[in-house]
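Down below is the structure, laid out as structure tokens.
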Amino acid sequence: MLYKAGTFLSVILAAFIVSCSPYPLPPETRVDDVIEEMHGISIPDPYHWLEDRKTLETQNWIDKQNRYAEEIVGETPYRNYVEERLRELMDIAVTPLPKEAGNYEYFSMRRPGEDLPIVYRRELPEDAEMRKLPIDPTEDFEIVLDPHGMSPENTTRFSIVTFNKNGTLMIYNERNGGEDELKIRVRDLDSAVDLPDSLPRSLYGTVFFSRDQKGFYYVKRSRKTGPRVRYHELGTEHAKDKLIFGEGYGPEQFINVKQVDEGRYLIFTVQYGWAKSEVFFQDMEKNGPIRTIVDDINARFYTSFIDGELFMRTDYRADKNRLLAVNLSDPDKINWREVIPEDKNVMENFIKIDDKFYVTYLYNGSNQIKVFEESGTFAGEIFVPEFHRASIRAGKDKEAFVTVVSFTTPETTYRIDLDTGERTIWDQRQIDWSPENIIVEQVWRNSIDGTHAPMWVVHHKDVQLNGKNPTWLSGYGGFYVARKPSFSPTLALWLELGGVYALATLRGGSEFGESWHRDGMLLNKQHVFDDFISAAEFLIDKGYTNPDKLVIQGGSNGGLLVGAALTQRPELFRAVICDFPDVDILRFPWYATSNNAPALLEYGNSKIREQFEAIRKYSPYQNVRTNMAYPAVMFSTGDLDTRVPPSAAFKMAASLQASTTSGFPVILRYHHKAGHAAGRGLSFSRRIIDTAMKLTFVLQQLDVQMTFE
């Protein structure tokens, strides 16, 4: 229950405390004496009014915060150089992966100098060998869809979804900025006209044409009633779309559906958060009922249909996953067959090429690829360099393509002849940056409870462990997501400027199996923050840096991570970058129009007393303390974030601005078109500007010296 004891305008306490600060004071923020009653406990919410983003007062507050953020960072040689160098590193041609449809190949590609990807097509090369070569992104192609100019700030974008069998119809989605919601479009490729069968803006999942090509199936999610699988017959009204599956499931579930065996079967997967799933199927050829494969097991199941059998990668009785096979003619659990048993490393993915399985494993946070016979017998490995992430896909005529990437190496794709093992470079991303003299190491440290965990540390070979190095620490720790090596232009520039980069492996991810994941979710969420804090202490203790030179950064669930770290151990950090963050977990269930309801099964639900007690101890907004010296903080969020409530960042920023005694700035960077999806949904030029502002803020706060001619 929410009630208001009174309202008053505050003269910001920080105005008195930080009067000696070199930074201007933040805008004043009205304070309400609002109290929320939860389980008989009074929870103050003094900035509750900021949850209503549509009021003129809130809009004015946002505008003032944006101006204040610009005033703090300013236009400096730092910022100009960073922006220019980021553009050099990021504005490059990237080879697209095409989809064949009819007599054409279709693909999306952003050319250097452009703001958005354009959907192109080219005629299929007549020479089969030519089809195996990568597309040259510098060539001219026929434009199918060009989003430039469709919105004032170039934030509308298109993505190819699928085609009908003869390649005359294309389903694609249209997204506004970074919102999760989409419009599903059906385009007649011969006439270049969208059909009236397009679907209005909503949350959508899988979409594909039916076996007879007379319509299409789609998953539509609702924040109120949950996900449903429906069928739309082409040329009919959407009100007549048939409900296929999903009745009774709520907003906390996801549903995925796929069509396999040339359309004979529909496979339905229901996902309960990130720790449990159910699997069902329907024989469309026999017009059979929906039958159960899994519905009573507390484990995850990921399905692939290959050569007449359904394969399931699962943590059922296998903490690090195993591969099971199911015959759909007799799918009872007693008849399931184990194909590849659990390994000491986490089975992350698999594909089958010809008569062998190629299985990707997680080994201490990076990837290995092992090969197995159909019987499950080990048959060798595909070489992956140390400290790389890797993925594999099938090609044609006994070939595979392996893509590898690391902290120092941009994406490189190799073509592998599976008969001879010969490996040749098929495509390599060209970036004006040299990894020479950069060292990547993996160190191990103990968390507060003694849990042993690794951390990646990347730096120039001449870095001295004297405690004086500007250091960027990042992490995630949740949702069964593994943070693996990856290349980033921002990281490359940070290393050029002499910085140290650290990526902490945290509980809550998938790096060491499902037990590792569950040890960082629900009532165990504090373990994630403990792991991260121990990583910061390790970097300080080992001489990489000191608290005045340490910045932490995280986004989304990682924003919760750094928000909890800065409220629990503010003295450890000099600066914090908190992007699109979950920082008001107590009120998360009430953000009905901009939350990700399945996340309640990961974070916990404050409406449940036991989970409330755990959440209120770490939820960052409720744990900001008055008269506390907090580090400099930069929040970023946007109006089209419909997955994580933007107003939670508003409230957290306002609270820190009023509470900190350090004199360091707390700023909010807000964009009306930014959101969680599609790379935040901003145009390329806008992303350059925002990234440069963020990095400049860090360089200023850590007092990184740069020399300009």
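Nothing in this text is a laboratory measurement; each read-out follows from the coordinates by a stated rule. Quick caveat: nothing in here was measured; it's all calculated off a predicted structure. In this analysis, Cβ positions are derived from the backbone assuming ideal geometry, glycine residues included, and neighbour counts consider all displayed protein chains.
Descriptive notes on the structure:
- Gyration tensor verdict on the stretch 347-430 (Cα atoms; rounded if a/c is under 1.5, prolate if a/b is larger than b/c, oblate otherwise): oblate
- Counting DSSP beta bridges with both ends in the chain, the antiparallel % (nearest 5): 85
- Coordinate range along principal axes, alpha carbons of the stretch 79-125, Å, largest first: 48, 14, 11
- Each residue of the stretch 425-432 was assigned a 3J(HN,Hα) from its phi angle through the Karplus curve 6.51 cos²θ - 1.76 cosθ + 1.60 (θ = phi - 60°); the sequence is 6, 8, 7, 9, 6, 9, 10, 7 Hz, with glycine and proline shown as x.
- Taking a Cβ cut-off of under 12 Å around Ser391, the surrounding Lys, Arg, Asp and Glu residues balance to a net charge of +1, with basic ones at +1 and acidic ones at -1.
- Computed on the stretch 9-148, with alpha-carbon pairs under 8 angstrom and 6+ residues apart, the relative contact order is 14 percent.
- C-alpha long axis of helix 646-659 to longest principal axis of the chain, angle in °: 20
- Rel. contact order, % - alpha carbon contacts under 8 angstrom, at least six apart, the stretch 347-430: 17
- Protection proxy ranking, peptides 667-673, 518-524, average beta carbon neighbours within 10 Å, highest first: 667-673, 518-524
- 3J(HN,Hα) along the stretch 195-209: 7, x, 6, 4, 9, x, 4, 5, 8, 10, x, 4, 9, 7, 6 Hz, from the Karplus curve 6.51 cos²θ - 1.76 cosθ + 1.60 with θ = phi - 60°, whole Hz, x for Gly and Pro.
- Exceeding the 32 Å Cα-Cα cut-off - candidates Lys242/Lys673; Lys99/Lys461; Lys549/Lys651: Lys242/Lys673; Lys99/Lys461
- Principal-axis tilt of helix 684-701 within the chain, Cα atoms, nearest 10 degrees: 40
- Within the same chain, lysines fewer than 8 places from Lys484 are excluded, and of the rest, those with a Cα less than 20 Å from its Cα are Lys320, Lys344, Lys370.
- Listed options for Cα extents along the principal axes in Å are [x] 142, 53, 52; [y] 75, 58, 54; [z] 69, 60, 50. The value calculated from this structure is the one marked [y].
- Footprinting exposure proxy for Met150, Met455, Met90 (fewest neighbouring C-beta atoms within 10 Å first): Met150, Met90, Met455
- Of the cross-linked pairs Lys276/Lys396; Lys183/Lys617; Lys240/Lys396; Lys64/Lys468; Lys132/Lys356, those separated by over 31 Å at the C-alpha level are Lys276/Lys396; Lys183/Lys617; Lys240/Lys396; Lys64/Lys468.
- Computed about the Cα centre, the dipole magnitude for the stretch 347-430 is approximately 280 debye when only Lys and Arg (+1) and Asp and Glu (-1) carry charge, each at its Cβ.
- Whole-Hz Karplus values for the stretch 616-623 come out as 5, 7, 10, 3, x, 4, 6, 10 Hz, taken residue by residue from phi with 6.51 cos²θ - 1.76 cosθ + 1.60 and θ = phi - 60°; glycine and proline positions read x.
- Length-normalised contact order of the chain in % [C-alpha pairs under 8 Å, at least 6 apart]: 12
- Of interest is the spacing of the C-alpha centroids, which for the stretch 270-301 and the stretch 463-513 amounts to 37 Å.
- Anisotropy class of the stretch 340-395 from Cα gyration tensor, a/c 1.5 cut: oblate
- Other residues lying with their Cβ under 15 Å from the Cβ of Asp703 contribute a combined charge of +2, Lys and Arg counting +1, Asp and Glu -1.
- The local environment of Asp343, defined by Cβ-Cβ distances under 9 Å, has a net charge of +3 under the rule Lys, Arg +1 and Asp, Glu -1.
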